[in-house]
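This report refers to the structure that appears directly beneath it.
The values are calculated or read from the model by the stated rules, or taken from the named source; none is laboratory data. This one's a predicted model, so the numbers in the text were calculated from it and none came from an experiment. Cβ placement follows ideal geometry from the backbone for every residue including glycine, while neighbour counts extend to all protein chains displayed. Please note that ligands, DNA and RNA were not included when accessible areas were found on the heavy atoms of the full protein model with its side chains. Shrake-Rupley method; radii C 1.70, N 1.55, O 1.52, S 1.80 Å.
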Amino acid sequence: MAARRIIGVDLGGTKLLAGAVDPALGVHHRAQRTVTGLDQRTLLDVIVDAVQEIRESTGSEIEAVGFGIPVLMDHRTGRAVVGVHTPLAELAFPDVMAERLGLPVFVDNDGNTSAMAEHLAGAAQGYSEAIVLTLGTGIAGGLIIRDELYRGALGTAGEIGHVTIDYDGPWCQGNCRSRGCAEMFSSGSALAREARLLASVRPDSALAAAVRDGRELIGPFVTELAHDGDAAAIEAIALIGSRLGITIANLVNIFNPQIVVIGGGVIAAGELLLGPARASATSRLLPFLADHLSIVPARFGVEAGMVGAAALAYDQLARAATA
Ligand SMILES: [Zn+2]
């Protein structure tokens, strides 16, 4: 019998990751695309192309495709109602994709799929209450409550990136109408912004030298400079880490999780990010809460959204089979 496979697709604000995932959540074939600034029609073509590439490279029968996309999903209708970082609003995305791919399609918010992967087989496995934060272009969030993904009344719960941490702060990105949102302070975009600011006031730093060489200070490059020991790059990561701790403290006060898992591109910074995040969260939490909390990196790293999208599809197929 051919091995079972489901294709998981994680669509972010800047890139798409797709992979053939087995029932034990092992990843077999991968495809990646850049999606920055694409219009809706081109974006849909790029998604279909990436899925077809995986279908052709895996010898297995593909049962379904699971998607994690950065939108508010209305679970009553399956429609993407707001796309903060992608042009998918007001699109019946699952129907459109099912028709173009000729396969069953399951869709959820990317923060939810990441949380699902980490809870089923990653850093949050075995914890009944967990919060998973994915730091990328923005901040995606997923809440595990009583061992289940919590979706809220309409399916949009877990928009942790848009929790206000500075009521007077900078205006948020995309379609968000608020200001001082968590993702303005602790996302990959925020890291790039802080690195540019620090480069301008630390002329002797590697950050400043990189700017003089015409390099763009994107998150992964800043992280690389920090791992190489540049004090200014380390400071930029520590800054967004300590601000992340504020968001974590707010969440822990509300939900009392056993564990907070941090994933997404920014977690490549590892302890340079998590150390300041723990210190800041601990300093704000009541002592009892701080003593019973772990803040750890995601096991699936940048692949959590993709693996979780496949996990979502396996879960939905199993529920349909027993219904
Ligand atoms: Zn916002």
Does the stretch 188-206 contain any residue that is hydrophobic (A, V, I, L, M, F, W, C), within 16 Å of the ligand (Cβ to nearest atom) and open to solvent by less than 50 Å² (accessible area, probe 1.4 Å)?
yes
Taking the stretch 259-285 and the residues there that are among the hydrophobic types (A, V, I, L, M, F, W, C) and not in a helix (DSSP H, G or I), the one that is surrounded by the fewest Cβ atoms within 10 Å (Cβ to Cβ) would be L285
Can you tell me which of (1) on the phi > 0 side of the Ramachandran plot; (2) within 16 Å of the ligand (Cβ to nearest atom) is the one C176 doesn't meet?
(1)
The condition from (1) free of Cβ contacts under 8 Å to residues at least 60 places away in the same chain; (2) within 24 Å of G12 (Cβ to Cβ); (3) open to solvent by 40 Å² or more (accessible area, probe 1.4 Å) that V211 misses is numbered (2)
Got a number for residues in the stretch 244-258 being farther than 18 Å from E194 by Cα and surrounded by fewer than 21 Cβ atoms within 10 Å (Cβ to Cβ)?
7
Please enumerate the residues belonging to the stretch 137-154 that are open to solvent by less than 30 Å² (accessible area, probe 1.4 Å) and within 15 Å of the ligand (Cβ to nearest atom).
G138, I139, A140, G141
Checklist (1) open to solvent by 50 Å² or more (accessible area, probe 1.4 Å); (2) within 25 Å of the chain's Cα centre (by Cα); (3) at pLDDT 90 or above applied to A311, failing item
(1)
Considering only residues that are part of a loop (DSSP other than H, G, I, E, B) and buried (at least 18 other Cβ atoms within 10 Å of the Cβ), look in the stretch 155-173 and name the one that is nearest to the ligand (Cβ to nearest atom).
C172
From the list L197, L286, which one is farther than 28 Å from V9 by Cα and at pLDDT 95 or above?
L197
Spot the failing condition for H119; the list is (1) touching a residue at least 40 places away in the same chain (Cβ under 8 Å); (2) outside any loop (DSSP other than H, G, I, E, B); (3) buried (at least 18 other Cβ atoms within 10 Å of the Cβ); (4) of a type outside the set (G, A, S), and only one is missed.
(1)
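Do we find that T137 is in a loop (DSSP other than H, G, I, E, B) and under 15 Å from the mean Cα position of the chain (by Cα) in this structure?
Against the criterion (in a loop (DSSP other than H, G, I, E, B) and under 15 Å from the mean Cα position of the chain (by Cα)), T137 qualifies.
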